[in-house]
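Asker: Attaching a single structure in structure tokens format; questions to follow.
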Amino acid sequence: MDTYRVVFHIDEGDIARANMVLHNIQNLIDDLGQDEVEVALVANSEGVKALLRSPNVHRRQIRKLAEQGVQFLACGNSLRFLGLSEDDLLEGVRVVPAGVSELTKKQTDGWAYIRP
Amino acid sequence: MDTYRVVFHIDEGDIARANMVLHNIQNLIDDLGQDEVEVALVANSEGVKALLRSPNVHRRQIRKLAEQGVQFLACGNSLRFLGLSEDDLLEGVRVVPAGVSELTKKQTDGWAYIRP
Amino acid sequence: MDTYRVVFHIDEGDIARANMVLHNIQNLIDDLGQDEVEVALVANSEGVKALLRSPNVHRRQIRKLAEQGVQFLACGNSLRFLGLSEDDLLEGVRVVPAGVSELTKKQTDGWAYIRP
């Protein structure tokens, strides 16, 4: 088991915020080592826009992080509210019923929480 | 005892933010089930404005959540700083000495933390 | 050992936000008592600007909190990214390799997390 488990939370739709979150995740992995930390990003509300198939200015960063084992999770409620579906998301992104439930379950299970 | 316990944190005074937080809480309860999750909202700084008696555009949402067992907690320090008192708050809102203490105590007691 | 341990997180560069975080910390200590709570502030991204040697409008607040035992930690990655070094920081501020690692380690070790 990884020594550390961390769930990041994004719920704002601006590119600068998403960019910061993705950089935060890469810095965490670089510092702790890929084998030492399990990372998930939960996106809800407008934050799901960072995981859209198109347009997506973060595509390369996200693919690189996914290759390092980062899980990308989008809130199903938020997608529905925004008129989007799983098909609108980047390949590899998983839809969870409610982003806040995922944040709750992971923390209850011992994950750290970071909200950039 | 509830399976999950979660404290939400709001410290900004805009209506959109409060609306998002309240929707987040309803989504959480709908997804996990009212009997499975205990929820509190701690409001401090400008966030206490979401819990004012008047004007309050969130009145109906808040009452509905309170009926589902959600605790609404306002920071006493922040109220004083803003020249407000317990009498200015919606019925049912409880004042705690310091919002940050409440956030600390609940997490130390095992509650998850979500900051929308 | 202190009864409570809390890590605050700041990653935005505006003065109002830093002011709120520093007030939050003072309120926490005033409410719980200095001997009952251990507090750290982790600053990353633009948040490190709150800890600069000059200009720094928060100097007095920060010194007062440091005298009460608050640890001020700046993200080394963020400093490098902004073209800054340890020499640019207020006396007493410690540089950590990555702010997000510090947030992760402290939470894994049982610290509460507050993101104002």
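All of the numbers you see were taken from the coordinates with simple rules; none came from a lab. It should be emphasised that the depicted structure is a prediction, and the values quoted were computed from it without experimental measurement. We place every Cβ from the backbone using ideal geometry, glycine too, and count neighbours over all the protein chains shown.
Asker: Label points 7 Å out from Cα along the Cβ direction at residue C:82 and residue A:85: separation in nm?
Answerer: 4.5 nm
Asker: Something else now. Considering only the protein assembly as shown, what is the antiparallel percent among its DSSP beta bridges, to the nearest 5? Don't jump to the answer; show the numbers that get you there.
Answerer: Numbers: 3 of 54 bridges.
About 5 percent, rounded to the nearest 5.
Asker: Would you pull out the residues with amide H under 5 Å of residue B:95's amide H, same chain only if 5 or more places away, H placed 1.01 Å from N?
Answerer: B:74
Asker: Calculate the translational D of the protein assembly as shown in whole µm² s⁻¹ from Stokes-Einstein, where the hydrodynamic radius comes from the Kirkwood formula applied to all Cα pairs, the temperature is 20 °C and the viscosity 1.002 mPa s.
Answerer: Details: Rh = 20.5 Å.
For these conditions, the coefficient is 104 µm²/s.
Asker: Using all Cα-Cα distances in chain A, what percent lands in each 5 angstrom bin from 0 up to the longest?
Answerer: In whole percents, the pair-distance histogram is 2, 12, 25, 26, 20, 10, 3, 1.
Asker: Assuming a ≥ b ≥ c are the square roots of the Cα gyration tensor eigenvalues, decide whether region C:18-76 counts as rounded (a/c under 1.5), prolate (otherwise, with a/b larger than b/c) or oblate.
Answerer: Details: a/c = 2.06, a/b = 1.69, b/c = 1.22.
The shape class here is prolate.
Asker: Sticking with this one: Among B:105/C:106; A:106/C:105; C:64/C:106, which pairs are too far apart, with a Cα-Cα distance over 20 Å?
Answerer: On the way: B:105/C:106 16 Å; A:106/C:105 16 Å; C:64/C:106 23 Å.
C:64/C:106, as the Cα separations exceed 20 Å there.
Asker: Using a label point 7 angstrom from Cα along Cα-to-C-beta, what distances in nm, from shortest up, separate residue B:97 from the other copies?
Answerer: So the distances to the same position in the other copies read 4.0, 4.0 nm.
Asker: Taking a point 7 Å out from Cα toward Cβ as the label site, list the nm distances between residue C:30 and the same residue in every other copy, smallest first.
Answerer: Going from nearest to farthest copy, the values are 4.1, 4.1 nm.
Asker: Looking at the axis that maps chain A onto chain B, which chain A residue has the closest Cβ, and how far off is it in Å, rounded to a whole number?
Answerer: Closest to the axis: A:115, 3.
Asker: Still on this structure: Where does chain B land at 222 nm, in deg cm²/dmol rounded to the nearest 500, when only DSSP H runs of n ≥ 4 count, each adding -39500 (n - 2.57), divided by all residues? Numbers along the way, then the final one.
Answerer: Working: 4 runs with 43 residues, N = 116.
Calculated at 222 nm, the ellipticity per residue is -11000 deg cm²/dmol.
Asker: Next up: Amide H neighbours of residue C:113 under 5 Å, counting only residues 5+ apart in sequence or on other chains, H built in-plane at 1.01 Å?
Answerer: Amide H to amide H, under 5 Å and 5 or more residues apart or across chains, residue C:113 pairs with C:7.
Asker: Ordered shortest first, which distances in nm separate the 7 Å Cα→C-beta label point of residue B:83 from those of the other copies?
Answerer: Here residue B:83 shows inter-copy label distances of 4.4, 4.4 nm.
Asker: Taking region B:44-116, which GluC sites (Glu not before Pro) meet the DSSP loop condition and have no more than 14 other C-beta atoms within 10 Å? Walk me through the numbers before you get to the answer.
Answerer: Working: sites: B:46, B:67, B:86, B:91, B:102; in loops: B:91.
Hits after loop and neighbour filter: B:91.
Asker: Which helices of chain B meet both criteria: a Cα extent of 24 Å or more along the helical axis and a mean Kyte-Doolittle score no lower than -0.5, with helices taken as whole DSSP H segments?
Answerer: On the way: long enough: B:15-32 (26 Å, 0.33).
Membrane-span-like by this criterion, though nothing is claimed about a membrane: B:15-32.
Asker: Still on this structure: So which residue, out of C:25, C:62, C:15, gets the largest mean-square fluctuation from a GNM of chain C using Cα contacts under 10 Å as springs?
Answerer: Per the Cα network of chain C with a 10 Å cutoff, C:15 tops the list.
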